[in-house]
Structure formats: structure tokens, C-alpha cells
Amino acid sequence: MQTDNILRIKNNSSVDLSEIIILSYEAFSEAAIQLLKEEQNHCVSYFAYRKENDLQFLMAVADDNHHDIAIISHLLKDGETQALESLTPAIFALHIFEREIHENFGVDFINHPWLKPVRFSHDRFNQNSTINNYPFYSIKSHELHEVGVGPIHAGVIEPGHFRFTCNGENVLHLEIQLGWQHRGVEPLFLKKNNLQRNLLAENIAGDTVIGHTWTFAQTMETLAGITVTEQTQMERALALELERMAIHTGDIGALCVDAAYHLGAQVFGILRTAIINFTQSWCGNRFGKSLIRLGGTYFPFTEELKQDLLQILARYEKQFLEMSHLTYRLPSVQNRFDFVGNITTQQARLLGTVGLSARMSQVVRDIRVSHPAYAYQRFPYETMVAEKGDVFARFLLKRKEIKRSIAWIRNLMEHFSFDASQTKKPVYNLRLKPNHFALSLTEGWRGEICHCALTDQNGALKHYKIKDPSMHNWKSLELSLRNLEISDFPINNKSYNLSYCGHDL
Amino acid sequence: MIEEIKILIHNGRQYIPDLRNAKLKSPFRGRPEISTAKLDEQALAAVCPLGAIYLNPVRLDMGKCAFCGECAFAFPEKIKFTTDFRISSNKREDLIVKEGDSHEIRVDESSIRPEIKKIFSKSLKLRQVSAGGDNSCETELGACGNANFDMGRFGIEFTASPRHADGIVVTGPISENMAEPLQIAWEAIPEPKIFVLCGVDAISGGIFADSPAINRSFLEKVHVDLFIPGNPSHPLTIINGLLDLTRSK
Ligand code: SF4
């Protein structure tokens, strides 16, 4: 199988469905493995959807060197045995996608190491598989014990179940069972009108409002063949960087809580507040809900907002550097962060982690650099990595990324003249291209977000697929806990801060 | 130590002294006001993505509203959002604002169960359960205890276990998968206890109201003591609602 005659598209673009070549499963597998063996490639989405009674599979593989995305497909006919040879043994990172397809459609993936449920979606194929009888791993031994935590946790956080298998204090294995947050987001996209979809996108994950809504808007705008003004493209990127700063700051504060460093916990909380209150002064909502709308916005970025932001950033930066420098040097904090929850470069590659969870282990993966939207083409972002892949690395990287976001925003403020009159109002009455497939990738604060949409012959949405970066990264959290103690879990978990609702959809 | 003190000084005083009368600025969207202007009411109702606008007379249901502002942008002469964040109530119907209304939304004192003010007026420990919440209301509930809002000054805090709690605050539309854990957590709280719904998803299901993946049947079995609107609810809305419910004037 030659991989050079495969359909390749750019980020934020769409193609006619007829351009997607349907391969035999054999050729599909060969192409997938050949592509994914290369370090510059990784799978950004792999899903199936009903095409009449058949099942069509689509895989999107992003190539970070050539800045394009390969699309490969195959078809499983209704009459055929609903079983395929699993690709997971060859490409481990595909494990979660195959599990998802299995859960949704009942397709058996032969030789998949753990074909377990992903989220117990309401429309799952096997209705006998219920959230109370998840098939946990268990090791039979008198020496070992298991500890189950959740779905409801001690803090004010989302639900998930964690099952630890321990030898004394030592965690041998952690298994995370999700699905509690499942709200049926994807099929709802098909039922709603465009404004409702826009709201739905804002509610995929309330901590990633900008990341998901921008990705949604790009997907739909691409399908409709419209582009928003330059001003709005910059506004969206600005909002994305503010979201990153706010959440990273909050995360560092949360890490301080778990290191029992209360000054840090409070001060980082205060700093996060300054950023989200700015977002509120921009669009009325601290999380940026209602800022991003199809085709335009009701909340243009004005000169006045710009002056406010520059002042807030100056103050923020001073306090942040002061506080984070002290935190960084504090022996008690170092002792708590260092060598906890390590993931090696090799493991990160194997797991197919994305975003911060990849960069913490020296894996350069950043959509802003590899598949940049216009704003990041015009104002390039230089990504960075950390080395050790532990809690300390995640802390350091968040700290560095905050600084770099500030620099990026300042550069934008200096070189782009915002003119509120250049902003257009939202447009909900869109005509989507019929029989098209569109894909959009955005580097949210957790990592890459991928939305895919397909239309039917009338231009109506027939499939909407969302991938939150957490889909890739939960496995990394599981592995990072091996040979630690359960008491290391909270700090480790917070250093990742993965999404439950973004995963459960 | 010196450096720590410097940081404290540089950050200055952070807490908002009077949470009852704090001021938020537009474009924050709080309590809506509907004018008596005449216009195409069908078109107005059709704008709302959540069906929160009712007709004859024109009303806006804050229990269904995501405060997206679309109605006010489309019909500015009819709908205006004030910055009044005190919009929580113990009566579901009081969340519905009628055209011509400009009165404040308050907890109805006469329908508060007498034991609430008697027992929870000095200390209130709450258990939070996210049941399909998108993590924005959860984050705002967390923010209630931060250096700005400092809800702890009123003796109101979140606890780790339902056994230690005086009530529950639910966020999210109540996913089918969380329906049972929610019920178990509720039953684990000793009487007397209060039940609070926080955010549009919890109050009405929000954008998920018609999803087959949610199961709101639990709500038929409990008495809701407080509805806190918002998407997400602002910490000032949350804290004022809880104070109105549990404190004497
Ligand atoms: S602000 Fe509320 S009432 Fe108005 S359109 Fe949005 S959801 Fe509907």
C-alpha cells in the first residue's frame, strides 16, 4: 500500500465525500500502520458512522512535518461478519478509538487487549453492559488489595471511578472507569439548529468553552464555505490563550493545595480570577460562553478592552512571576512534585498523548505550530517541552506556557490593530455543502481538540464527532500512578486535570 | 518568610467586603427586564435556543435561560439584562420574569421550611454532586470559597462526605449514569437537609433537556429548597441565594 496517494487535507477544510477513497480493511490497516509508525504522524480521530445499513470507518492522521492530515476509510458491509483484526497491538494509541467503535456498534476487534466499554453511552450496542458492571482488572492474590474511589469524589469535581490494585502502600495498577457524565452530546448536534449547536459546543466542557466552541465554529464555517473577519480570527485566538492562562494558573493553585502550600493556592486563585473577570468584562461570562458565534460575534474586542487587558496582564505577570518563582524554589513543594507520576518519552509516544501531556515528556505536539489556524500563522507561536514527564514537569510547563501566552498576546496587541467595526454579527442561517466531510483541530489548554462533521445530500448534518484531548490522555494518568502510593493520586490527577465530561460527551 | 509577606502585600486586600451589594458591570447578564413594547412576539420566542421565552404575556424563564443574550441582541427594545446577580429563589415559578416586571427576585420567606433557618443559620456544610455538569458550575462553586468571595466567612463550606453534610448542591442535567449515585449520596445525608439545584442544566436540563441520555426522575422525589440560575451560576448568585435561604434578615 502506497501512502503517498492517500487523500490529504489541511486543518479547517472540507472535502467532497466522493474524494475519500474506501479501502479494503487490509489496505486500510496497512496504510494506518505505515502512517502511524512515523513519529511525525498521529491519529487525531478514528470513528465509524452508519451509511444506510453499512458502517463506514474514517481515520484522520495528522502529519506534523507536512502540516496536513491524511484521511483513510473503509466500509464494513451489513452482511459481513462484524469483526475486524484490531490495530491496537501494532499501534497502541488506537486502543481507545477501537473501544469506542466497539461500544457504539458492536464491532468486534480481534486481538484487542482490552475491548472494554468507554462511556456507557445511552445508544450503546450492548444494552446489557451497564455502568455498574464494568469489567475491572483484578489480580487474585492474598498479598494484594483493591481500593475503589468514586464516582463521587471528595472535592467539588466531576465524577469518575478509580480502581487501585495495591501491594501494601504500593500501587501496582490503576484503572479509571468513566462514563458517568455522559449526556449524549454528539447525537444532539444532529437534532438542533445552528444557534443551539453553538450553545451545545459551549457546554461540551465548561473549562474549555473557547477551545471547543472555536473548533465547532471552524468546522461549521468550513462546511458553509464562509470565513470570519480577520479581527474575529484574532479575537478567538486571544480568547483561547486567555483560557489557557486562566486554567493553567488555577491548576498550579490546585497543585499548591495538594502540596499544603496555602499561600500559593490562594495567590494563584486570585490571579486566575483576574483573567476570567477580564473575560467577563469582554463577553459577560467568566468562562467565555456566548463570545464565539458562527460567522461573527456580538462582542467585538475594542480599544478600551485592549487597554484594560494590557494593564491586567502587566499586573498579573508581576505577581505570577513572583509567586511561581517562590513556589518553584520551595523545598517542600519540590519534594512533593519531583519524581511523582513520571511518564517517559517512549511511553508518551506509545500512548499517543497530546498537548501538555505529550510536551511534558519531550514529545513536541502542538496544533498551533503543526497545523496552525490563521491567527497562529500570522503570529506564530513557539511551543516548548519539559523533560521528565512528572508532576514537576507538568508544573514547569504550565508556568512556561503562561509566560509564553502573555508574550504572544502582547505581540498581538502590538502588531494587530483591533477595530471593532470590522466585526460581523453572527450568522445562523448557513447552507452547508452537501455530501461533505470537514475537520477542525485546535490546541486547547489540555491539547488538541478535534471536531469532524459530515453532511448528507441535502446539506444536513448526518454525523458529528468530537474528540477531547482527554480521550488520549487518561491512559497516561493511569500509567503514571504505577509504583506510587494512593496518596500521590490527588496531586498527580490535578497536574493532568483531564476532562470527564469532554471524554464522556 | 520576608518574600511571602511581600507577596501578601503585593496582592493586597482581595475579599469583597459586602457580597450582598457588590457591583458587576455590563455585559454581565443578570436579572432580565422585559418592556411592554409591542413587537412580533412569535419571532421573539423563536429566537431563544432553549425555549425560555413564553408568550401571552411575554415571560422569560430564568430556570431555562442560559443568559446567552441572543434575545436581547435581536430585540433590544423588548429585553434587557440588568447586572443584578441576586436571582436565586426557592420557588420555581419566581424565576419567571413577566413583561413590565422590574422587581427583585428574592427567596420567598414564607415558604422556607422552618427548620432551615433554625438549624443552618450559622453553619452550613454542603456536598456537591456533579451529575453531567460541564465543570463550569462546579468551578464557580469552588470559587465561592476563594480569596475573593470567601464564603467560609459565613460558615458555608463544601464537605468531602455526604455524612458530614447538611445538604446537596446538584449541577448538571442529571445523566442517566449519575442518577443512582446521586440518589445514594442524597440518602446518605442525615436529616434535616436541603436540596439545591445550581445552573440551568440542573434546574431544567438546559440544552440537554431532550437528550435520551439524561434521567431527571429523581427530582420528582425531592423538594427543591433553592434554584440558582446561570450558565454557570456566578459565585455572587450562589452565595446570596444560600444566605437568603438560611439567614435571617
Ligand atoms: S438569553 Fe435566555 S431567554 Fe434570551 S435567548 Fe438566551 S437562553 Fe433564551
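Per-residue Cβ counts within 10 Å, from other chains only, averaged over A:146-159: what number is that? Write down the numbers at each step before the final one.
Working: counts 0, 0, 0, 0, 1, 10, 14, 3, 5, 5, 20, 7, 10, 11.
Per residue, the average neighbour count from other chains is 6.
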The alpha-carbon center of segment A:210-234 and that of segment B:131-190 are separated, in whole Å, by 35 Å
Separation of alpha-carbon centers, segment B:31-100 and segment A:13-53, rounded to whole Å = 47 Å
Asserting the computed 222 nm helical MRE of chain B (DSSP H runs at least 4 long, -39500 (n - 2.57) per run, divided by residue count, to nearest 500) equals -7500 deg cm²/dmol
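Need one number: % antiparallel among DSSP beta bridges in chain B, to the nearest 5.
Looking only at bridges with both residues in chain B, the antiparallel portion is about 35 percent.
Nearest 100 Å² is fine: how much accessible area is buried between A and B, summed over both sides, with a 1.4 Å probe?
Details: alone 20140 and 12320 Å², together 27570 Å².
That pair hides around 4900 Å² of surface in total.
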Roughly how many percent of the accessible protein surface of the protein assembly as shown is carbon and sulfur, given a 1.4 Å probe and a whole-percent answer?
-> 51 percent
Under 14 Å Cα to Cα from B:Lys125, which aspartates and glutamates show up? Leave out anything in the same chain fewer than 8 places away.
-> B:Glu157, B:Asp166, B:Glu191
Once phi is turned into ³J(HN,Hα) by the Karplus curve 6.51 cos²θ - 1.76 cosθ + 1.60 with θ = phi - 60°, what whole-Hz value does each residue of segment B:192-197 show in order, with x for glycine and proline?
-> x, 8, 10, 10, 10, 10
First check a/c for chain B, with a ≥ b ≥ c the square roots of the eigenvalues of its C-alpha gyration tensor; if it is under 1.5, answer rounded, and if not, answer prolate when a/b is larger than b/c or oblate otherwise.
-> oblate
Name the residues of segment A:471-505 whose accessible area falls by at least 10 Å² when all protein chains are present instead of the chain alone, probe 1.4 Å?
-> A:Cys501
So, with points 7 Å from each Cα along the Cβ direction, the B:Lys117-A:Gln82 label distance in nm works out to 6.0 nm
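With a probe of 1.4 Å, find how much accessible area segment B:80-228 has per residue, and write the answer as a whole number in Å². The partial results should precede the final answer.
Details: 5390 Å² over 149 residues.
Per-residue value: 36 Å².
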When N is the residue count of segment A:185-496, what does its C-alpha Rg come to as a fraction of 2.2 N^0.38 Å?
-> 1.01
For B:Glu187 and A:Tyr134, what is the calculated FRET efficiency with R₀ set at 25 Å and r taken between the beta-carbons, to the nearest 0.05?
-> 0.65
Lys and Arg at +1, Asp and Glu at -1: neighbours of B:Arg153 with Cβ under 14 Å from its Cβ sum to +1
Rounded to whole Å and ordered largest first, report the semi-axes of the equivalent ellipsoid of the protein assembly as shown derived from its Cα gyration tensor (root of 5λ).
-> 37, 31, 28
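Considering Cα pairs under 8 angstrom that are at least six residues apart, work out the relative contact order of segment A:236-385 and quote it in whole percent.
Worked out over segment A:236-385, it gives 16 percent.
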Which of the lysines could a cross-linker span from A:Lys467 if the Cα-Cα distance has to be under 18 Å and same-chain partners fewer than 8 positions apart are dropped?
-> A:Lys10, A:Lys475
Note every residue of segment B:10-57 with a reduction of at least 50 square angstrom in accessible area, all protein chains present versus the isolated chain, computed with a 1.4 Å probe, or write none.
-> B:His10, B:Asn11, B:Pro27, B:Arg29, B:Pro49
Which order do the peptides A:241-247, B:127-133 take when ranked by the mean count of other beta-carbon atoms within 10 Å per residue, highest first?
-> B:127-133, A:241-247
Antiparallel bridges, percent of DSSP beta bridges restricted to segment B:109-246 (to nearest 5) | 5 percent
What is the magnitude of the charge dipole of segment A:185-496 about its Cα centre, with +1 placed on the Cβ of each Lys and Arg, -1 on the Cβ of each Asp and Glu, and no other charges, expressed in debye to the nearest 20?
-> 460 debye
Indicate the residues belonging to segment B:117-146 that lose 50 Å² or more of solvent-accessible heavy-atom surface (probe 1.4 Å) upon moving from the chain alone to the assembly of all protein chains, ignoring ligands and nucleic acids.
-> B:Arg127, B:Asp134, B:Asn135
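Would you calculate, for chain A, the mean residue ellipticity at 222 nm contributed by helices, counting each DSSP H stretch of 4 or more residues as -39,500 (n - 2.57) and dividing by all residues, to the nearest 500?
Numbers: 17 runs with 208 residues, N = 505.
Value at 222 nm, helices only: -13000 deg cm²/dmol.
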What relative contact order, as a whole-number percentage, does chain A give when Cα pairs under 8 Å and 6 or more residues apart are counted?
-> 19 percent
Mean separation of Cα contacts under 8 Å (at least 6 apart) over the residue count of segment A:2-118, i.e. the relative contact order in percent, is 24 percent
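Using a 1.4 angstrom probe, figure out how much accessible area segment A:185-496 has per residue, in square angstrom, rounded to the nearest whole. Numbers along the way, then the final one.
On the way: 9720 Å² over 312 residues.
Dividing the accessible area of segment A:185-496 by its residue count gives 31 Å².
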Restricting to chain A, what percent of DSSP beta bridges are antiparallel, rounded to 5?
-> 90 percent
In nm², the average projected area of the convex hull spanned by the Cα atoms of segment A:355-478 is 9.9 nm²
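With a/c under 1.5 counting as rounded, go ahead and sort segment B:34-75 into rounded, prolate or oblate using the C-alpha gyration tensor (a ≥ b ≥ c being the square roots of the eigenvalues; past the cut-off, prolate if a/b is larger than b/c, else oblate). Each step should come with its number before you reach the end.
On the way: a/c = 1.63, a/b = 1.35, b/c = 1.21.
Prolate, because a/c is 1.5 or more and a/b exceeds b/c.
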Shape category assigned to segment A:2-118 from the gyration tensor of Cα positions, a/c cut at 1.5 = oblate
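The values are calculated or read from the model by the stated rules, or taken from the named source; none is laboratory data. Here the structure is a predicted model, which is why all the values come from computation and not from measurement. All Cβ positions, even for glycine, are placed from backbone atoms using ideal geometry, and neighbour counts span all protein chains on display. Surface areas here come from the heavy atoms of the whole protein model, side chains and all, with no ligands, DNA or RNA. Shrake-Rupley method; radii C 1.70, N 1.55, O 1.52, S 1.80 Å.
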